[in-house]
Structures are given as structure tokens and as C-alpha cells.
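Written below as C-alpha cells is the structure these notes are about.
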Amino acid sequence: MFLGFGGNLGDRYGQIEKALALVHALPETRVTRISSLYETAPVGYVDQGNFLNGACELETVLSPVDLLKSLLAIEDSLGRVRTVRWGPRTIDLDILFYHHLIVHQHDLTVPHPAIAERGFVLYPLAEIAPRFIHPEMGCDIAALLARYRENGGVEEYPVAEIVLRDL
């Protein structure tokens, strides 16, 4: 399964490092791969600073709902405050894919509904899982990224690497 992560407040790199370490420390959960970090312009609410974004692959026995609850608790523990939709945040952790499962619940949608329109998700995800097939769209991440680029999507470039010592 794959998570997207990012933040644009405070020590962005440090917050991501802490968040991924906390994800890795969840019961019977292990981060197995991490993309480069990409500095990206905000989407939606644009009156804010740039984000650092990335993606990671993980293994877990947690259900999608329990994983979401754990991710929200990690965000809270790292000072995430929700005031403006798509607004500034210390950390954001999103379930992008949970294997090939499709979930449409009140508080959880998997795959994440905006993957195909978000360069800040597609670039890091294509780095670690280019051949992963989107279960609803029926094509792989590399094809989604190519389509994004063809449609004038913003080019994104890696700016940093993040390494968890326990991997």
C-alpha cells in the first residue's frame, strides 16, 4: 500500500522524518520504500508557502480504517490544525492505495480520489511504484504521470532524500 505525505509549516523535512518514523513504528507496520522529496506549489488554497511532498510504500496488518485513524493521530501529535481546506499544515498523511482495494466510506476513499490530477502525488509515486495499476482507472502510475504531463501538468523535480534509519 502507498501513502502520500507532505507539509509546509515549520521544519518541513523534520516533520516528514518524524511522521514517517511514527508510521514505521505503528503495530505490525513497516515503511519499505520512500520516494525523494519534491518541493511543490500549493494547490487549491494558494496563499501559503510551498510544500515538501513525497510518497512511501508500507506493509501493515492494520485495516484501512485503523490505518486512517493512526495517521490522523500522528498528524495531531505533530501539530496539524485543520482550519482552511487545502490550507497550511505541519504534516499531511494520505492513504493513496491500500493494495488494490476500493473503499468508498463517509470518512475514507481509497484510492485517493485526486491522484491523477496531482503532480505532487504522481511524481513521487512514479518513482517508487511506476507499474502499480490504479484499481479504478485500470492503468499504471507511469501512464497516469504521462497523461498528467501531456495535459500540461506542472513538472516536479526532487529536491531532497529522506532516510529512515530503521529501514
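No lab work stands behind these numbers, since they all come straight from the coordinates. Being a predicted model, the structure only gives us computed values, none of them experimental. Here the Cβ positions follow ideal geometry from the backbone for every residue, glycine too, while neighbour counts run over all protein chains shown.
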By the Cα gyration tensor axes a ≥ b ≥ c (a/c under 1.5 gives rounded; else a/b larger than b/c gives prolate, otherwise oblate), the shape of segment 46-104 is prolate
Note to self: C-alpha centroids of segment 33-75 and segment 98-167 sit apart, in Å, by 11 Å
Checking THR40, THR90, THR109 against a Gaussian network model of the chain (alpha-carbon springs below 10 Å), the top fluctuating residue turns out to be THR109
Taking 0.36 nm per residue of separation between ALA142 and ALA41 and subtracting their Cα-Cα distance, the length gained on full extension comes to 34.2 nm
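Would you mind classifying segment 89-158 by shape? Square roots of the alpha carbon gyration tensor eigenvalues, ordered a ≥ b ≥ c; an a/c under 1.5 is rounded, otherwise it is prolate if a/b is larger than b/c and oblate if not.
oblate
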The residues PHE120, PHE2, sorted from fewest to most surrounding Cβ atoms within 10 Å, come out as PHE120, PHE2
Once phi for every residue in segment 54-59 is put through the Karplus expression 6.51 cos²θ - 1.76 cosθ + 1.60 (θ = phi - 60°), the whole-Hz ³J(HN,Hα) values, with Gly and Pro written as x, are x, 9, 9, 9, 9, 10
Taking only C-alpha positions in the chain, Rg and Dmax in angstrom work out to 14.8, 41
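If I stretch the segment between ARG131 and VAL159 completely, what's the gain in nm (0.36 nm per residue apart, minus their alpha carbon distance), one decimal?
Roughly 7.8 nm would be gained on extension.
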Here the relative contact order (percent) of the chain, from C-alpha pairs under 8 Å and at least 6 apart, is 30 percent
